[in-house]
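J.: Got a structure here, written out as structure tokens. Questions coming.
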Amino acid sequence: MPVVVVATMKAKPESVDLVRAACVEAVETVHGEPGCELYSLHEAEGGTFVFVEQWADADAIKTHSTAPAIGKLFGAIGEHLDGAPDIKMLAPVVAGDPAKGQLRGQ
């Protein structure tokens, strides 16, 4: 069963550009990881970055969490974040039109 993750992190005001660049750099590498079905970066006001992710299964997300790209990303941005990242694993709630009420593959 696919695993959906929403990971949110807030950059320190003086580090927004650095955090954005490191996140963008990580995306291409992560897209090549086994089981990556979606790894989408978004930016909100105030230097908040949100990754919306979908992984093929629990093994894929476990592998991703220890992959070199993630180690490199957090090594580059760790001290530039305003607090710890907020990472949530989500389970779908079936509702409404299936084509619009869930990520693909669920």
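J.: Please calculate the 1.4 Å probe accessible area of residue 87, with all protein chains present, and give it to the nearest 10 Å².
T.: My reading of the accessible area for residue 87 is about 100 Å².
J.: Apply the Karplus parameterisation 6.51 cos²θ - 1.76 cosθ + 1.60, with θ equal to phi minus 60°, to every residue of the stretch 78-89 and state each ³J(HN,Hα) to the nearest whole Hz, in sequence, with x for glycine and proline.
T.: Listing the rounded values in order: x, 6, 9, 8, 8, x, 6, x, 9, 10, 10, 8 Hz.
J.: Mean shadow of the chain, computed from the convex hull of its alpha carbons, in nm²?
T.: That works out to 6.9 nm².
J.: I've got another one for you. If the cut-off is 13 Å between C-alpha atoms, which aspartates and glutamates fall inside it for residue 10, apart from same-chain ones fewer than 8 positions away?
T.: 43, 45, 79, 82, 86
J.: Would you mind checking the tilt of helix 16-31 against the longest principal axis of the Cα atoms of the chain, expressed as 0 to 90 degrees and rounded to 10?
T.: 40
J.: In terms of modelled amide H atoms, which long-range or inter-chain residues lie less than 5 Å from the amide H of residue 12?
T.: Correct list: 81, 82.
J.: Taking the simple approach of a point 7 Å from Cα along Cα-to-Cβ for both residue 59 and residue 6, what is their distance in nm?
T.: The modelled label-to-label distance comes out at 2.9 nm.
The values are calculated or read from the model by the stated rules, or taken from the named source; none is laboratory data. If you're wondering where the values come from, they're calculated on a predicted model, not measured in any experiment. Backbone-built Cβ (ideal geometry, glycine too); neighbour counts: all protein chains shown. Heads up: the accessible areas ignore ligands, DNA and RNA and are worked out on the full protein's heavy atoms, side chains in. Shrake-Rupley method; radii C 1.70, N 1.55, O 1.52, S 1.80 Å.
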